[in-house]
1. List every residue pair whose Cβ atoms lie under 8 Å apart, where the two residues are 6 or more positions apart in sequence or sit on different chains, the first residue falls within the range 146-165 and is modelled with pLDDT under 95, and the second residue, located anywhere, is part of a loop (DSSP other than H, G, I, E, B) and away from the ligand (no atom under 16 Å from the Cβ).
2. Do we have any residue at all in the range 103-116 that's crowded, with 24+ Cβ neighbours inside 10 Å, among the aliphatic types (A, V, I, L, M) and either outside any helix (DSSP H, G or I) or away from the ligand (no atom under 14 Å from the Cβ) (or both)?
3. Looking at Y306, Y227, Y243, which one is over 22 Å from G165 (Cβ atoms) and either of a type in the set (F, W, Y) or within 14 Å of the ligand (Cβ to nearest atom) (or both)?
4. Being without any contact (Cβ under 8 Å) to a residue 40 or more places away in the chain and closer than 23 Å to D323 by Cα, is that true of even one residue in the range 207-227?
5. When the range 171-181 is examined, which residues are found to be more than 16 Å from the ligand (Cβ to nearest atom) and in contact (Cβ under 8 Å) with a residue 40 or more places away in the chain?
6. Taking the range 214-251, which residues are of a type in the set (S, T, N, Q), part of a loop (DSSP other than H, G, I, E, B) and more than 12 Å from the chain's Cα centre (by Cα)?
7. Restricting attention to the range 139-158, which residues are more than 16 Å from the ligand (Cβ to nearest atom) and either part of a helix (DSSP H, G or I) or within 27 Å of the chain's Cα centre (by Cα) (or both)?
8. Just the residues that are under 28 Å from W341 (Cα atoms) and more than 16 Å from the ligand (Cβ to nearest atom), please, taken from the range 266-293.
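The values are calculated or read from the model by the stated rules, or taken from the named source; none is laboratory data. All values reported here derive from a predicted model rather than from experimental measurement. Because the Cβ atoms are built from the backbone with ideal geometry, glycine has one as well, and the counts that use them run over all protein chains shown.
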Amino acid sequence: MASLPGPRAVLLTLLSLLLTVLLGVGLPALLGGAARALGFPDTGVAECIVTFYLLFVAYVAAPRLPRGRVEAEGRAVLVTGCDTGFGHALAIHLHELGFTVFAGCLMKDKGGEGAKELEGFHSDRMKVVQLDVCSEEQVQKAVQVVNENLEDKARGLWAVVNNAGVSTFGEVEFTSMDTYRRVSEVNLWGTIRVTKALLPLIRRAKGRVVNLASMYGRMGNALRSSYCVSKFGVEAFSDCLRYEMKPWGVKVSVVEPGNFVAATGILTREAVAGTANQLWSEAPAAVKEDYGKAHFEQHVALMRSYCGGGEKDVRPVLDDITDAVVSNRPYTRYNPMEPKWWIRVQLMTHLPAAISDILYF
Ligand SMILES: NC(=O)c1ccc[n+]([C@@H]2O[C@H](COP(=O)([O-])OP(=O)(O)OC[C@H]3O[C@@H](n4cnc5c(N)ncnc54)[C@H](OP(=O)(O)O)[C@@H]3O)[C@@H](O)[C@H]2O)c1
């Protein structure tokens, strides 16, 4: 362990002592007082621990508290990446709720199926917009379309959902700099570009920014560095923006889905096969020799196994994004994921790395 300078070591020791005293003495006294006031017998340390644990379990298991909802009528939302997956389903869902939806589609101008299906609604409230989040020009055009089509310009745009994203895999030594750039270009810089372009309209509405990160925006994993880097960036950007937007009345939320690969188009077996071929053919000779084909194939098989796995229904993600858009008090973070992934995120973000590393790697 790195040596601590004197004053820091003293402060750390004092803080530990203070916490020990507070938790060991103050907490039981506080709970004892509360228990007596409620007519229960005096409370000891063991009861305190059990009570806290039960409160924690109740907090985790409790259904979302009702916090009031905004009216959808007359409000508009822009969603990126509506060709497939969460974005496509969300555009339809928000439209059903009564919002005017600007559905950004990457493949609209190329006759993409997802865009066509949304255009097929023939609804004044479903406006399909060509939108590659990597293109400054297309983002500016989309803002223009929003401006021209807002029912009440003075009211602004209620929300943007930055959903467009791409995923890939590969160990660091197999991942090219181009891949790192490409993934962040969509997931991170795309999110920032679209948000910056729409913020003036969203500030006017005192509206919402909802960013799709991932459980991999909270914890790293082997083979996923390019994706994790981009999603950690989305988390950081969202936090900074949330602090800045507070005085403007704009709420910023992050949605961190777990594994919904089977439910969307984010990672298909074909994509895994294609990426595997590319990774192996482009890897430096020395890397191939050191890692070996058997090791490489093992990792590809692991990624392939994820393709059919995870949640098969996008509903939990839609519910959380919708809550972030419509609730009067949206949460800062939403974690739609299977319990095993939720526990893993908690352990990896709260335990010392020395312990979580042993548990998971
Ligand atoms: N599914 C999961 O397990 C999971 C887990 C955690 C987080 N997420 C996140 O959830 C979001 C939605 O993903 P999804 O699972 O619904 O996958 P998806 O079905 O692949 O949807 C992503 C959409 O983004 C579009 N897109 C890609 N590059 C774009 C660009 N430059 N500009 C605009 N749109 C672009 C894609 O279009 P094309 O199909 O034409 O490429 C696709 O329609 C992503 O941010 C993803 O990282 C997903």
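1. E151/G74; D152/G74; R155/G74; R155/R75
2. yes
3. Result: Y243 is the single residue among Y306, Y227, Y243 that is over 22 Å from G165 (Cβ atoms) and either of a type in the set (F, W, Y) or within 14 Å of the ligand (Cβ to nearest atom) (or both).
4. Yes: the range 207-227 contains one or more residues that are without any contact (Cβ under 8 Å) to a residue 40 or more places away in the chain and closer than 23 Å to D323 by Cα.
5. Within the range 171-181, E171, V172, E173, F174, T175, S176 meet the criteria.
6. The answer is N221, and nothing else.
7. Answer for the range 139-158, where residues must be more than 16 Å from the ligand (Cβ to nearest atom) and either part of a helix (DSSP H, G or I) or within 27 Å of the chain's Cα centre (by Cα) (or both): Q144, N147, E148, N149, K153, A154, R155, G156, L157, W158.
8. Passing the criteria: A273, A276, L279.
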